[in-house]
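Chemist: Pasting in a structure now, in structure tokens, and then I'll have a few things to ask.
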Amino acid sequence: MTSRIAVITGAGQGMGRAIALRFAADGIKPVLVGRAESKLRAVADEVAALGVEASVHALDVTGDASVAELGDALDGATVDILINCAGDWLISLAQDTSNEQLDHILRVNLRAPYILSRTLLPNLRRSDNASIINIGSLVTANLVPTVTAYTASKAGLKGLTGSLAAELRPERIRVVMISPGPADTPMRAAASPGIDKTVLVGAETIADTVHHVVSLPRGITISDFTLYSMLWE
């Protein structure tokens with residue numbers, strides 16, 4: 001039996017790493033994508049300890065040429081799962097956000113998932129139970145100040161997810177956005193130093209949720225949803 005293959009962006013740490021390890025525990029082969037090769041290699045070693053071989057692709061998901069090279073590397077292969085997990089954050093009032101900062105957040109959080117999904121769609125169409133999972137954010141349900149650019153990018157991702165899900169429904173390719181938050185990840189630690197971790201969702205819990213969604217029978221999907229601690233206010 002051929003092992004399932006999952007392409008995971010942002011796989012060098014946090015949610016991406018946790019998802020890769022959860023998949024490997026179920027025999028799913030991760031294709032690890034991220035900017036820092038050293039971090040990806042470390043995750044690949046953890047995956048190998050679970051008896052699964054991971055491939056490593058160190059690249060910037062905002063680079064069109066890099067994404068095209070990833071597509072070329074996977075040409076002809078079946079991809080069962082695409083996890084658009086790579087992301088960046090920005091805490092800044094709208095009036096203080098530069099055009100360059102806005103462009104960066106939109107490229108990482110919205111444009112990259114769009115281009116990656118389009119690039120790997122031929123591979124996903126070869127699967128007998130394909131999934132695209134976009135990692136969103138609680139900010140799309142709970143609007144707060146000082147994260148206008150970030151919120152705009154994740155709200156756009158929600159729209160992309162819904163429209164792409166409608167496009168691919170006849171092919172029974174599920175497209176779902178899971179919006180966790182706040183999550184116990186390095187990005188959250190950098191954004192909120194000293195935050196009480198008891199109010200955070202663990203990366204492993206998010207990984208379990210993602211694994212459940214991609215394990216649904218073909219033709220079965222679930223609406224986009226938020227995942228958060230009941231201690232968060």
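The values are calculated or read from the model by the stated rules, or taken from the named source; none is laboratory data. Since the model is a prediction, treat every value here as computed from it, not as a measurement. For neighbour counting, all protein chains shown are included, and Cβ atoms are generated from backbone atoms with ideal geometry for every residue, glycine included.
Chemist: Test Thr97 against the stated conditions and say whether it is free of Cβ contacts under 8 Å to residues at least 60 places away in the same chain, under 25 Å from Lys158 (Cβ atoms), surrounded by fewer than 24 Cβ atoms within 10 Å (Cβ to Cβ) and touching a Leu at 6+ places or on another chain (Cβ under 8 Å).
Modeler: Values: free of Cβ contacts under 8 Å to residues at least 60 places away in the same chain: yes; under 25 Å from Lys158 (Cβ atoms): yes; surrounded by fewer than 24 Cβ atoms within 10 Å (Cβ to Cβ): yes; touching a Leu at 6+ places or on another chain (Cβ under 8 Å): yes.
Judged against the criteria, Thr97 is a match.
Here's the yes/no breakdown for (1) under 20 Å from Val79 (Cβ atoms); (2) acidic (Asp, Glu); (3) part of a helix (DSSP H, G or I):
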| site | (1), (2), (3) |
| --- | --- |
| Asn142 | no, no, no |
| Ser153 | no, no, yes |
| Gly159 | no, no, yes |
| Gly162 | no, no, yes |
| Leu216 | yes, no, no |
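Chemist: Give the residues of segment 117-137 that are closer than 24 Å to Thr205 by Cβ and surrounded by fewer than 20 Cβ atoms within 10 Å (Cβ to Cβ), sorted by residue number.
Modeler: Residue satisfying the conditions is Asn129 alone.
Chemist: Take the residues of segment 47-106 that are charged (D, E, K, R) and outside any loop (DSSP other than H, G, I, E, B): which is nearest to Ile173 (Cα to Cα)? If you could, list the steps in order and put the result at the bottom.
Modeler: Within segment 47-106, the subset charged (D, E, K, R) is 53, 60, 64, 69, 72, 75, 80, 88, 96, 100, 103.
Those still in the list that are outside any loop (DSSP other than H, G, I, E, B) too: 64, 69, 72, 96, 100, 103.
Working: Asp64: 24, Glu69: 24, Asp72: 22, Asp96: 40, Glu100: 35, Asp103: 30 Å.
Taking the candidates together, the pick is Asp72.
Chemist: Does Val213 satisfy the condition of being under 30 Å from Gln95 (Cα atoms) and surrounded by 15 or more Cβ atoms within 10 Å (Cβ to Cβ)? Step through it out loud before you land on a result.
Modeler: Details: under 30 Å from Gln95 (Cα atoms): no; surrounded by 15 or more Cβ atoms within 10 Å (Cβ to Cβ): yes.
Considered against the rule, which asks whether it is under 30 Å from Gln95 (Cα atoms) and surrounded by 15 or more Cβ atoms within 10 Å (Cβ to Cβ), Val213 comes out as no.
Chemist: When you look at Val31, is it in a loop (DSSP other than H, G, I, E, B), touching a strand residue (DSSP E or B) at 6+ places or on another chain (Cβ under 6 Å) and under 24 Å from Ala183 (Cα atoms), yes or no? I'd like the intermediate steps shown before the answer.
Modeler: Working: in a loop (DSSP other than H, G, I, E, B): no; touching a strand residue (DSSP E or B) at 6+ places or on another chain (Cβ under 6 Å): yes; under 24 Å from Ala183 (Cα atoms): yes.
In short, no.
Chemist: Are there any pairs with C-beta distances below 8 angstrom linking a residue in segment 50-72 that is within 13 Å of Arg111 (Cβ to Cβ) to a residue that is polar (S, T, N, Q), with the two at least 6 apart or on different chains, and if so which?
Modeler: Sorted first by the residue in segment 50-72, then by its partner, the pairs are Asp60/Ser66; Val61/Thr9; Val67/Thr119.
Chemist: Additional query: Kindly provide the set of residues from segment 154-177 that are in contact with a Gly (Cβ under 8 Å, 6 or more places away or on another chain) and either surrounded by fewer than 22 Cβ atoms within 10 Å (Cβ to Cβ) or hydroxyl-bearing (Ser, Thr, Tyr) (or both), ordered by number.
Modeler: Answer for segment 154-177, where residues must be in contact with a Gly (Cβ under 8 Å, 6 or more places away or on another chain) and either surrounded by fewer than 22 Cβ atoms within 10 Å (Cβ to Cβ) or hydroxyl-bearing (Ser, Thr, Tyr) (or both): Lys158, Thr161, Arg172.
Chemist: Take the conditions touching a Cys at 6+ places or on another chain (Cβ under 6 Å), among the aliphatic types (A, V, I, L, M) and at negative phi and apply them to Ile91. Does it pass? Please lay out each step first, then the result.
Modeler: On the way: touching a Cys at 6+ places or on another chain (Cβ under 6 Å): no; among the aliphatic types (A, V, I, L, M): yes; at negative phi: yes.
For Ile91, the condition - touching a Cys at 6+ places or on another chain (Cβ under 6 Å), among the aliphatic types (A, V, I, L, M) and at negative phi - is not met.
Chemist: I'd like to know if segment 26-37 contains one or more residues that are over 12 Å from the mean Cα position of the chain (by Cα), crowded, with 18+ Cβ neighbours inside 10 Å, farther than 20 Å from Asn123 by Cβ and modelled with pLDDT of 95 or more. Spell out how you get there, then give the answer.
Modeler: Pass one, segment 26-37, residues over 12 Å from the mean Cα position of the chain (by Cα): 26-31, 35-37.
This time we only want the ones that are crowded, with 18+ Cβ neighbours inside 10 Å, so: 28-31.
Add one more test, that the residue is farther than 20 Å from Asn123 by Cβ, and what stays is none.
Within segment 26-37, none of the residues are over 12 Å from the mean Cα position of the chain (by Cα), crowded, with 18+ Cβ neighbours inside 10 Å, farther than 20 Å from Asn123 by Cβ and modelled with pLDDT of 95 or more.
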